[in-house]
Amino acid sequence: MVPPARCRGPGAVLLALTLLLGSGSVLCLELRQNDTEPIVLEGKCLVVCDSNPSSDGGVTSSLGISVRSAGAKVAFSAVRGTNHEPSEMSNTSMTIYFDQVLVNIGNHFDLKASVFQAPRRGIYSFSFHVVKVYNRQTIQVNLMQNDYPVISAFAGDQDVTREAASNGVLLMVEREDRVYLKLERGTLMGGWKYSTFSGFLVFPV
């Protein structure tokens, strides 16, 4: 066991105990007396000061002591690598599907459904680029959070063979929220090769 690390600040005393588990992962116990900002210790120990510990991926006790994994990282990036026409499922749900995953840390992006499900509450960053090919009409793409549109992007230039509807946003996302892309207007006839959809956890809250 690593010796306890004490963090002192105005009006607060924190006691952090670092535990090394058999799997090699490092966890932290955090005991707080009053409100302070989150504190990150050197190494792999993350101490989060929370007056209302919740089930966001950590283990809590009745004493308000929270235990969270320091390596809980979340990120994904998916791409469309083929130019197949929209399937019957695509035409019914209007969900924009992807067929390759470049990054899926934590395995929270379901490639078959092309839906990201948040493992914990936090601030997340999302971005997308949906390419329309040989399509002389305007498309509108929505970023959906639990079936509600959050942001949109448009592509409607009549004189180019490829054009992308692109956008990005920071979102407060609750645990088990679902985030995906939906074609709100137009069609993707000709395919949407080279389209991408990415996201990652900026920090938990």
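In table form, for the structure just shown:
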| read-out | value |
| --- | --- |
| Surface share of carbon and sulfur [accessible, 1.4 angstrom probe, percent] for segment 150-205 | 52 |
| Area accessible to solvent at HIS84, 1.4 Å probe radius, in Å² | 120 |
| Using θ = phi - 60° and Karplus 6.51 cos²θ - 1.76 cosθ + 1.60, couplings along segment 111-123 (whole Hz; Gly, Pro as x) | 5, 4, 8, 6, 10, 9, 10, 5, x, 7, 6, x, 8 |
| ARG136-LEU102 pseudo-label distance in nm [points 7 Å out on the Cα-to-Cβ vector] | 3.3 |
| Loop-located trypsin sites (Lys or Arg not before Pro) in segment 125-205, at most 16 other Cβ atoms within 10 Å (DSSP) | ARG136, ARG175, LYS193 |
| Heavy-atom SASA rank of TYR124, TYR148 (probe 1.4 Å, accessible area, largest first) | TYR148, TYR124 |
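The values are calculated or read from the model by the stated rules, or taken from the named source; none is laboratory data. Keep in mind that this is a model prediction, so the values were computed, not measured. Backbone-built Cβ (ideal geometry, glycine too); neighbour counts: all protein chains shown. Side chains are part of the model used for accessible areas, which takes the heavy atoms of the whole protein and leaves out ligands, DNA and RNA. Shrake-Rupley method; radii C 1.70, N 1.55, O 1.52, S 1.80 Å.
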